[in-house]
Amino acid sequence: MKVITQREFRNNSAAVMDAVEAGEIYYVTRNGVEVAELRPIPRRRRLTAEELVERHRRLPAVEAASLRREADEFFGTEDRLGLDDAWERPRD
């Protein structure tokens, strides 16, 4: 942890931000009083396409009829679209 003045931060902001990005924490002071803390934001690693495909493969299978039945039990059937309902149409 480093303590820097507002003026030091203003004059060296690029270097300070590079250090923060690298993991350094700064406290910024104004008139000798700490007013801000600069710290890196924790970032989640992005998944590769292969990792996403593997996660998708591990998902449980979904049975459409069971899903429809559970949705009807939860939401009811009075507001359903009817014969032109995309969920009810036969698929090619």
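Observations
- Taking Kirkwood radius over Cα pairs in Å as calculated from this structure, the corresponding entry among (1) 19.1; (2) 16.6; (3) 13.6 is (1).
- Beta bridges per DSSP with both ends in the chain, % antiparallel, nearest 5: 55
- With respect to the chain, whose longest principal axis is taken over its alpha-carbon atoms, helix 64-75 is tilted by about 80°.
- Per residue solvent-accessible surface (Å²) - segment 5-63, probe of 1.4 Å: 92
- A full extension of the chain between PHE75 and THR5 corresponds to an added length of 19.3 nm, given 0.36 nm per residue minus the alpha carbon distance.
- Surface composition of the chain: carbon plus sulfur atoms contribute 53% of the solvent-accessible area (1.4 Å probe, protein chains only, all chains present).
- Net +/- balance of residues flanking VAL16 in space, Cβ distance below 11 Å, scoring K and R +1, D and E -1: -2
The values are calculated or read from the model by the stated rules, or taken from the named source; none is laboratory data. Note that this is a predicted model, so its numbers are computed, not measured. A quick note on method: Cβ atoms are made from the backbone with ideal geometry, for glycine too, and the neighbour counts reach across all protein chains shown. Just so you know, the surface numbers come from the protein's heavy atoms only, side chains and all, with ligands and any DNA or RNA stripped out. Shrake-Rupley method; radii C 1.70, N 1.55, O 1.52, S 1.80 Å.
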